[in-house]
Amino acid sequence: MNAGRFGELEVLCRTPSGQPRPAPLLFVHGAYVSAWCWEEHFLPWFAERGWAAYAVSLSGHGHSRRRDHLDSYSIDDYVRDVAEVAARLPAPPVLVGHSMGGMVVQKYLEQHDAPAAVLMSSVPPQGLMGSAFGLMLKRPTLLTDLNRIMTGNDVDIDSLREALFHQPVDEDDLQRYYRLSQPESHRAIWDMTLFNLPHPGRMHQVPMLILGASHDALIPPDQVHMTATTYARRAEIFPDMGHGLMLERGWETVAARIADWLEERNL
């Protein structure tokens, strides 16, 4: 793994041993995590198959700039982070966004073009309100614990398991993921809930793959289908998986679907 800095942003990178495919991949993480979530499996897997694979830690996350200013960062700030990294890559990247990262990708496409985009368990263009209401009704304690994570308070580690996983997860891995988790910007959460939702009519029209998970407690399948309907696409829902598609035991099934879709488009 190459871990470097693009300006003040942490960027993890895996490159293939031979000539890379034409379009690099830029992975954008969700709330409460940073670029490490892609390094677990996806970055090395895609590099082994010929893609130059990059993952950015958004401002206030991981080892990127100003974690002490986390709550000042907006979704537009995160979009600028992605644009800053994309501009330094050898070619325009395919964007892969998970959860909040999917919202960042949608907002990015309002201002920038891309060869293609992959939305994984993404916040829908209608925002987080539907998901929040669903959690309040079905899993109120999970919503409470997510709010505690936002303020930097310790939570029951089983809440992390419930939020991210449906399949069994190794206890040591779960403890490590918990230690790597962090609070999220309140401003960004409000942007995704109400104040800065995507405008599909303003977005560049790019090939788009929309993926979700059947047992996702945070962005359930109906929210994924809502995203797909908005963009006149068909959602693909992975059975027996939870929100953390890139960390679940079945992650390779998801990676292989993305790779096949990219190859179909010669990317």
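The values are calculated or read from the model by the stated rules, or taken from the named source; none is laboratory data. In this text the structure is predicted, and so the values were computed from the model without any measurement. Glycine gets a Cβ as well: all are built from the backbone with ideal geometry, and neighbour counts include every protein chain shown. Surface areas here come from the heavy atoms of the whole protein model, side chains and all, with no ligands, DNA or RNA. Shrake-Rupley method; radii C 1.70, N 1.55, O 1.52, S 1.80 Å.
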Take the alpha carbon atoms of the chain, find their radius of gyration, then divide it by 2.2 N^0.38 Å using N residues; give the quotient. 0.92
Which value, in Å² rounded to 10, gives the accessible area of Ile237 with a 1.4 Å probe and all protein chains present? 50
Taking 41 Å as R0, compute the FRET efficiency from the Cβ-Cβ separation of His204 and Asp173 and round it to 0.05. 0.65
List the residues whose amide H sits under 5 Å from the amide H of Gly244, counting only those 5 or more places along or on another chain, with H placed 1.01 Å from N in the peptide plane. Phe165
per DSSP, antiparallel bridges as share of beta bridges in the chain, % nearest 5, sits at 30
Of every Cα-Cα pair in the range 180-253, the percentage lying beyond 22 Å is 37
Could you work out the helix-only [θ] at 222 nm for the chain, with each DSSP H run of four or more residues adding -39,500 (n - 2.57) and the total divided by the number of residues, to the nearest 500 deg cm²/dmol? -10500 deg cm²/dmol
Note, Arg187: beta-carbon cut-off 9 Å, +1 each Lys/Arg, -1 each Asp/Glu, net -3
Inter-probe distance in nm under a simple model that places probes 7 Å from Cα toward Cβ, at Asn266 and Ala87: 3.0
Can you run the Rg to Rh ratio on the range 23-101? Use alpha carbon positions and the Kirkwood inverse-distance Rh. 0.97
Within the range 248-267, list the residues whose amide N lies under 13 Å from a label point set 7 Å along Cα→Cβ of Asp240. 249-251, 253
Could you tell me how far the Cα centroid of the range 241-261 sits from the Cα centroid of the range 71-95, in Å? 23
Å³ per residue of the Cα convex hull, for the range 211-267? 79
Which net charge results when you count Lys and Arg as +1 and Asp and Glu as -1 among the other residues whose beta-carbon is under 13 Å from that of Pro44? -2
Work through the residues other than Pro200 whose Cβ is under 13 Å from its Cβ and net out their charges, Lys, Arg +1 and Asp, Glu -1. +2
Taking loop as defined by DSSP and a crowding limit of 13 other beta carbons within 10 Å, which trypsin sites (Lys or Arg not before Pro) in the range 67-106 fit? Arg88
